[in-house]
Amino acid sequence: MTDFFRGIAPIRHEGPEATSEFAYRHYDPDEMVLGKRMEDHLRFAVAWWHSFAWPGTDPFGGQTFQRPWFGDTLADARMKADVAFELFEILGQPFFCFHDADIRPEGASFAETEANLMAIVDYIGQKMETSRTKLLWGTANLFSHRRFMAGAATNPDPEVFAWSAATVKSCMDATARLGGQNYVLWGGREGYETLLNTDLSREAEQAGRFLSMVVEYKHKIGFKGAILIEPKPQEPSKHQYDYDVATVYGFLKRFGLENEVKVNIEQGHAILAGHSFEHELALAASLGILGSIDMNRNDYQSGWDTDQFPDSVPEIARAYYEILRAGGFTTGGTNFDAKLRRQSLDPEDLVLAHVGAMDVCARALKAAAALLEDGRLEVARAARYAGWDAPENRAMLTSDLDAIHARVIAEGINPEPRSGRQERLENLWNRFV
Ligand code: 3MF
Ligand code: MG
């Protein structure tokens, strides 16, 4: 045991009347929602990078957090893991997520870095034997080190491609060894700064082959989890190739991977792409590639990826409505890819940020479930398309322009516009949220 959390006791559900800050008011893991435990719907995960590795820097200033495990030895990495599992226990968290660079010190060579990774993976594996917390996903950090400044898979230098492929192999091994339920790829540097030095065709071919190798390796080692791409339009690259869900789907189709790879959708990334979170979720669900979510918002005014904990029940309810409508998570979950504000120095801040976010998500989930159970929204949606139930109308989808032209003339078709009833549906929505 470390003394980092100063004896904070495990957080329990005490209901909306709770008086302590250190209580769940709405998140009750055992409460049944649409026939399933709340914990099994939400599948919360703590992100190792923001919670334990991020030093509190911003573009104008350095480290604000002074954590006793900040350092680059294996002993520091083990203390970081000890503190991580203490937070998981305080929160009763079912899952965590990590990048290789969050959990191990960098070595002097690839082999030494990999040996460090596997040493810490063994250590985390031992801790997991006596913990309820499982691995939602693992991933490789292919964006922080200077070698990745011009990309990983899409780098013009084949040696960086090689380094990245070798790194992903060891991170997939690590994820599989810890029983990970997914493996994520986020391509922060897979994009460009200027077209003046960039060959888009080559970079797309490299990215396509790289992802195909990831899928081949998954099958080779018998990894049962899902492979997920995390879309983001820009930041750190000026333009990123995995811009949004629609772009990723086009890329997957191009390389024949649409049945092998799904998406991990982040609220903040959706906002950066000029979409709502629910748009990205609904689109992924309709394409059959909805995998998992990163539940962290951006600041709407700054235009930056500020990775803040969620605080808006109405906004998050729209997201869980789409997730529930799609049948809920299978291997995916709700990862808080969220960091404290850099002035939030206290260990209590780290605990209570998660407690508040989990309560927001729980309220949102319950509101979304109540709306689905009520059913009126889905009845209204179905009614709007009811004309397509008639066989002569459905037949148009396998017909041709000539035949439809003849039908319009023969039947004197002359459509009468009908109300979309948006405000009435918004009123219904707001009665639940
Ligand atoms: C960046 C992100 C990433 C991804 C993570 C997964 C550093 O905006 O969201 O967090 O979630 O890298 O690979
Ligand atoms: Mg993310």
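Every number here is computed from the coordinates shown, using simple stated rules; none is lab data. Given the structure is predicted, the values throughout are model-derived calculations rather than measurements. Please note: Cβ atoms are built from the backbone with ideal geometry, for glycine as well, and neighbour counts cover all protein chains shown.
Note on the chain: antiparallel DSSP beta bridges, both residues inside, total approximately 15 percent of the bridges counted.
For the residues N414, N298, N264, a GNM of the chain with alpha-carbon springs under 10 Å puts the largest fluctuation on N414. Annotation: extensible slack from R6 through R394 equals 133.2 nm (criterion: 0.36 nm per residue apart, minus Cα-Cα distance). Coupling constants for the range 214-229 follow from the phi torsions by the Karplus curve (6.51 cos²θ - 1.76 cosθ + 1.60, θ = phi - 60°), and in residue order they are 4, 5, 4, 5, 3, 5, 4, 8, x, 5, 8, x, 8, 8, 10, 9 Hz; glycine and proline get x. Under the simplified labelling scheme, the I221-T64 pair shows an inter-label distance of 3.7 nm, with each label point 7 Å from Cα along Cα→Cβ. Segment R424..A111, full-extension length gain: 106.5 nm, with 0.36 nm per residue of separation and the alpha-carbon distance subtracted. Quick one: Kirkwood hydrodynamic radius for the range 1-133, alpha-carbon pairs, angstrom, one decimal? Its Kirkwood hydrodynamic radius stands at 16.7 Å. The order of the peptides 369-375, 350-356, 203-209 by mean Cβ neighbours within 10 Å, most packed first, is 350-356, 203-209, 369-375.
Computing FRET efficiency as 1/(1 + (r/R0)^6) for D199 and S312, where r is the C-beta to C-beta distance and R0 is 45 Å, gives about 0.60.
Neighbour counting of Cβ atoms within 10 Å sorts the residues T330, T130, T306, fewest neighbours leading, into T130, T330, T306.
Calculated on the alpha-carbon coordinates, the convex hull of the range 26-91 measures out at 124 cubic angstrom per residue. Once the Cβ-Cβ distance of D72 and R376 is raised to the sixth power relative to R0 = 56 Å, the FRET efficiency obtained is 0.45.
The share of Cα pairs per 5 Å bin across the range 335-381, counted from zero up to the longest distance, runs 5, 18, 19, 15, 11, 9, 9, 7, 5, 2 percent. Computed on the range 166-264, the Cα convex hull volume stands at 98 Å³ per residue.
Averaging the Cα positions of each part gives two centres, and for the range 258-334 and the range 365-397 these lie 23 Å apart. Computing FRET efficiency as 1/(1 + (r/R0)^6) for E21 and H239, where r is the C-beta to C-beta distance and R0 is 35 Å, gives about 0.25.
Number of Lys pairs in the chain with C-alpha atoms less than 20 angstrom apart, excluding same-chain neighbours closer than eight positions? Lysine pair count for the chain: 19.
When the charge dipole of the range 45-171 is built from unit charges on Cβ atoms (+1 for Lys and Arg, -1 for Asp and Glu) and taken about the Cα centre, the candidate among S164, C97, A115 whose Cα reaches farthest toward its positive end is C97. In the distance distribution for the chain, Cα-Cα pairs more than 31 Å apart total 44 percent. Around the Cα centre of the range 10-114, unit charges on the Cβ atoms of Lys, Arg, Asp and Glu (plus for the first two, minus for the last two) sum to a dipole of about 100 debye. Taking the average, over residues, of other Cβ atoms within 10 Å as the packing measure, peptides 165-173, 182-190 rank 182-190, 165-173 from highest down.
With 0.36 nm allotted per residue and the present C-alpha distance subtracted, the S286-T57 stretch has 78.6 nm of extension available.
Only the Cβ atoms of Lys and Arg (+1) and of Asp and Glu (-1) were treated as charged; on that basis the dipole of the chain about its Cα centre amounts to roughly 580 debye.
If you run the Gaussian network model on the chain, springs between alpha carbon atoms under 10 Å, then out of L142, L200, L365 the most flexible one is L200.
Each Lys or Arg adds one and each Asp or Glu takes one away; over the other residues whose Cβ falls under 15 Å from the Cβ of A382, this sums to +4. Here the Karplus curve 6.51 cos²θ - 1.76 cosθ + 1.60, taken at θ = phi - 60°, turns the phi angles of the range 191-204 into couplings of x, 8, 9, 8, 5, 4, 10, 10, 10, 4, 5, 4, 5, 5 Hz, with x standing for Gly and Pro.
Relative to the compact-globule estimate of 2.2 N^0.38 Å, the Cα radius of gyration of the range 274-377 comes out at 1.13.
Here the peptides 320-326, 234-240 are ranked by packing, the mean other Cβ count within 10 Å, and the order with the highest first is 320-326, 234-240. Shown here: the range 307-433, whose C-alpha atoms stretch 75, 29, 25 Å along the first, second and third principal axes, sorted largest to smallest.
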